[in-house]
1. I need a count of the residues in the range A:85-98 that are modelled with pLDDT of 95 or more and either surrounded by fewer than 24 Cβ atoms within 10 Å (Cβ to Cβ) or of a type in the set (Val, Ile, Thr) (or both).
2. What is the number of the single condition among (1) within 26 Å of residue B:205 (Cα to Cα); (2) open to solvent by 60 Å² or more (accessible area, probe 1.4 Å); (3) within 14 Å of another protein chain (Cβ to nearest Cβ) that residue A:27 does not meet?
3. Being open to solvent by 10 Å² or more (accessible area, probe 1.4 Å) and within 13 Å of another protein chain (Cβ to nearest Cβ) is the filter; apply it to the range A:108-125 and report the residue that is nearest to the chain's Cα centre (by Cα).
4. Applying the selection to the range B:57-88, what residues are in contact with a helix residue (DSSP H, G or I) (Cβ under 6 Å, 6 or more places away or on another chain) and more than 30 Å from residue B:99 (Cα to Cα)?
5. Report, by residue number, each residue of the range A:30-51 that is open to solvent by less than 40 Å² (accessible area, probe 1.4 Å), part of a helix (DSSP H, G or I) and under 18 Å from residue A:78 (Cβ atoms).
6. For the range A:126-144, enumerate the residues that are at negative phi and open to solvent by 70 Å² or more (accessible area, probe 1.4 Å).
7. Just to be sure before I move on: is residue B:207 open to solvent by 50 Å² or more (accessible area, probe 1.4 Å) and under 30 Å from residue A:106 (Cα atoms) in the structure I sent?
8. Looking at A:69, A:82, can you tell me which residue is more than 9 Å from every other protein chain (Cβ to nearest Cβ), open to solvent by 20 Å² or more (accessible area, probe 1.4 Å) and assigned to a loop (DSSP other than H, G, I, E, B)?
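The values are calculated or read from the model by the stated rules, or taken from the named source; none is laboratory data. Computed from a predicted model, the values in this text were never measured in an experiment. For neighbour counting, all protein chains shown are included, and Cβ atoms are generated from backbone atoms with ideal geometry for every residue, glycine included. Accessible surface is based on the protein model in full, side chains and every heavy atom, while ligands, DNA and RNA are left aside. Shrake-Rupley method; radii C 1.70, N 1.55, O 1.52, S 1.80 Å.
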There are 2 protein chains.
Amino acid sequence: MASSPGIPDIVIGRLPIYLRALTQMLQQGHSITSSHELGQRLGISSAQIRKDLSHFGEFGKQGTGYQVDHLLNQLKNILQVDREWPVVVVGAGDLGRALAHYRGFVARGFRVVGVFDTDPKKVGTGEDENRVRNMDNLEDFIRKNSVRIAMLAVPAEAAQAVSDRLVAAGVRAILNYAPITLAAPPDVHVQYIDPVMHLQRMTYYLE
Amino acid sequence: MASSPGIPDIVIGRLPIYLRALTQMLQQGHSITSSHELGQRLGISSAQIRKDLSHFGEFGKQGTGYQVDHLLNQLKNILQVDREWPVVVVGAGDLGRALAHYRGFVARGFRVVGVFDTDPKKVGTGEDENRVRNMDNLEDFIRKNSVRIAMLAVPAEAAQAVSDRLVAAGVRAILNYAPITLAAPPDVHVQYIDPVMHLQRMTYYLE
């Protein structure tokens, strides 16, 4: 199943949530589920789930629900995570190292293949794929390893310049942890993780 | 300005984005901005920005734009981050330590006041506020320090049990890094950070 044009990005954004829940269900021994059960787990209405999935075809039979492994494989295929994407981490501070060591990537479609930093004290530290590489070799490495995805864990002041280098070398998806909005060409996808934004969104509601 | 009821959560979710951009503008020496300029920076339409802000009153004069520091202070007030919230971090693995060391919290309304772990090898390590505390003292600490906010960086298997303890002790906002959906009472706010979800949302679009 190829990616279909014209599907709202907000729908695409929910598919990884469904995929994660289905993976958990399978681990817990469930082989059949329903939009109702999935919705209950996720706090999303069953109508929303059915509508989201209907963009991609028929996954369940009326009244019998979804086969968990089938739906899960279809979602992996739609999101193109039925393969392993090589990813570079730029920035080997606390956060960059935590990302490099994170064991949750591989089962879900990603492998950190290179970690980069400018700091001579950090370059050469770490083992195997987590050995910190010199930023001078960033573009070469990205081209040789056909890397399309990067996680950016550098200080805010450095983020735009690093992003420009990543894009010029062929990266098309950046997960940016630096607390600034990046300027990038329209064919480059940028997602942001800033814990403070999530916290600030919650304090609004606190008494 | 008190938090107004009935404002869509998606609007609240954009306010921290505006706040971050305005803070950056102020640092760069801009004292006046417009919904157009702000929108250009953020890739959000100026109409959307004006509509979002109109929920909270009048911030700019027709044709003269917004005063950056005034709008920034109003947004801080609305989001209740014109104060400092004490936050606990549960889980002192790579990620928990990265959060404990992150210097970006204080200027934006948050201070990590306690880090907790069950692992006897980790307890007692770290300095000052980052000294890792024993989980046995979690509830006591939360109550004594009136902590309402927690960041959860424990393995998926442990997350629900820890979340239940946090909530029972008085926490009302949880930033969950464990890759599972938490069950929590309706008056508890949960936000999720799962880098894989952000990556999977982008691979959909890659060729």
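1. Going through the range A:85-98 one residue at a time, the tally reaches 6.
2. Of the numbered conditions (1) within 26 Å of residue B:205 (Cα to Cα); (2) open to solvent by 60 Å² or more (accessible area, probe 1.4 Å); (3) within 14 Å of another protein chain (Cβ to nearest Cβ), the odd one out for residue A:27 is (1).
3. Filtering the range A:108-125 for residues that are open to solvent by 10 Å² or more (accessible area, probe 1.4 Å) and within 13 Å of another protein chain (Cβ to nearest Cβ), the one nearest to the chain's Cα centre (by Cα) comes out as A:108.
4. B:59
5. A:35, A:38, A:42, A:49
6. The answer is A:127, A:129, A:131, A:136, A:137, A:140, A:143, A:144.
7. Yes.
8. A:82
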